[in-house]
Amino acid sequence: MDDRNLWRSRASALVEATLTRPRIGHSREVARLASELCDRFHGDEEKGYIGGMAHDLARELDVAEILLLAETDGQPVRDWEKDSPMLLHGRAAAAILLKHTGYSDPETLQAIRDHVTGRGSMGMISKIVFAADFLEPTRELVSPEFRRRTIALSLDEMVLAVLERKMHFVRQARQALSPDSLSLHEELAAHA
Ligand SMILES: [Fe+2]
Ligand SMILES: [Fe+2]
């Protein structure tokens, strides 16, 4: 097995050993769509695949475990993350992937951390995993029409459309918007 397949297989095996069936299916679809988008936008397909596969590794843990894992990346836990610790499931997932497989590519780990809320100044792999998480075809809250229209856009337009839809859901649920989502929105809307 060459190195490429080795890391993909390790990430897939970890996801299969960690998550429940529906979420394994979601993770596979995000990996598939993220690698397709990497191919289209000239990103590293392996990073998209592994980022997509591993992004929700911590999604089924309880908040106390998520907090502990997230803190291992050395970054501070900010006030809004303390208020809604599920926002940290990306940071916790990156920590799990690193700890259990040794996969340490910084861009991929950052994409996994960024997938929950987005963030200003995201790199290409972060943008791709963020969009693929929302647009993969098994997500029921996304209509086929929205998916088709959004996937056809440029990468920044795609991320903006996904972000606006996610922000709409957050507002509908009367939850607070993360400052990271707001700074991504400001950045993308300025160039739209
Ligand atoms: Fe997630
Ligand atoms: Fe997800």
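Only the coordinates and a few stated rules stand behind these numbers; no lab work does. Being a predicted model, the structure only gives us computed values, none of them experimental. Counting neighbours? That spans all protein chains shown, and the Cβs are built from the backbone with ideal geometry, glycine included.
Of the residues Glu140, Glu136, Glu186, only one is among the acidic types (Asp, Glu), touching a residue at least 40 places away in the same chain (Cβ under 8 Å) and within 16 Å of ligand 2 (Cβ to nearest atom); which?
Glu136
From the list Ala64, Ala93, Ala58, which residue is more than 16 Å from ligand 1 (Cβ to nearest atom) and among the aliphatic types (A, V, I, L, M)?
The conditions single out Ala64.
What number goes with the only condition from (1) of a type in the set (Ser, Thr, Tyr); (2) crowded, with 17+ Cβ neighbours inside 10 Å; (3) assigned to a loop (DSSP other than H, G, I, E, B); (4) away from ligand 1 (no atom under 12 Å from the Cβ) that Ser121 does not pass?
Of the numbered conditions (1) of a type in the set (Ser, Thr, Tyr); (2) crowded, with 17+ Cβ neighbours inside 10 Å; (3) assigned to a loop (DSSP other than H, G, I, E, B); (4) away from ligand 1 (no atom under 12 Å from the Cβ), the odd one out for Ser121 is (2).
Could you list, in sequence order, all residues of segment 1-40 that are surrounded by fewer than 16 Cβ atoms within 10 Å (Cβ to Cβ), assigned to a helix (DSSP H, G or I) and of a type in the set (Asp, Glu)?
Asp3, Glu16, Asp39
Taking Ala70 as the residue in question, decide whether it is among the hydrophobic types (A, V, I, L, M, F, W, C), within 16 Å of ligand 1 (Cβ to nearest atom) and under 14 Å from the mean Cα position of the chain (by Cα).
The answer is no for Ala70.
For segment 87-104: of the residues being within 12 Å of the chain's Cα centre (by Cα) and touching a residue at least 40 places away in the same chain (Cβ under 8 Å), which is surrounded by the most Cβ atoms within 10 Å (Cβ to Cβ)?
Ala94
For the structure I just gave you, tell me whether Arg113 is more than 8 Å from the chain's Cα centre (by Cα) and within 13 Å of ligand 1 (Cβ to nearest atom).
no
Would you point out which residue out of Thr138, Thr150 is of a type in the set (S, T, N, Q) and not in a helix (DSSP H, G or I)?
After ruling out the rest, the residue left standing is Thr138.
Does segment 76-85 contain at least one residue that is under 12 Å from the mean Cα position of the chain (by Cα) and either within 28 Å of His42 (Cβ to Cβ) or surrounded by 14 or more Cβ atoms within 10 Å (Cβ to Cβ) (or both)?
no
Do the conditions hold for Arg113, that is, is it part of a loop (DSSP other than H, G, I, E, B) and either charged (D, E, K, R) or over 24 Å from Ala189 (Cα atoms) (or both)?
no
Consider Glu107 against the criteria (1) among the charged types (D, E, K, R); (2) within 22 Å of Leu61 (Cβ to Cβ); (3) touching a residue at least 40 places away in the same chain (Cβ under 8 Å); (4) not in a loop (DSSP other than H, G, I, E, B): it satisfies all of them except one. Which criterion is unmet?
If we test Glu107 against (1) among the charged types (D, E, K, R); (2) within 22 Å of Leu61 (Cβ to Cβ); (3) touching a residue at least 40 places away in the same chain (Cβ under 8 Å); (4) not in a loop (DSSP other than H, G, I, E, B), just (2) comes out false.
Those residues that are more than 16 Å from ligand 2 (Cβ to nearest atom) and either surrounded by 15 or more Cβ atoms within 10 Å (Cβ to Cβ) or within 22 Å of Ala131 (Cα to Cα) (or both), I need them from segment 41-62; list them, please.
Phe41, His42, Gly43, Asp44, Glu45, Glu46, Lys47
Just one of (1) surrounded by 19 or more Cβ atoms within 10 Å (Cβ to Cβ); (2) in a loop (DSSP other than H, G, I, E, B); (3) among the basic types (Lys, Arg) trips up Arg174, so point out which.
(1)
Name the residue, out of Ile24, Ile66, that is touching a His at 6+ places or on another chain (Cβ under 6 Å) and over 16 Å from Ile125 (Cα atoms).
Just a single option satisfies the conditions, and that option is Ile66.
Quick check on Val77: is it aliphatic (A, V, I, L, M), more than 30 Å from Asp39 (Cα to Cα) and either within 16 Å of ligand 2 (Cβ to nearest atom) or part of a loop (DSSP other than H, G, I, E, B) (or both)?
So Val77 fits the description; yes.
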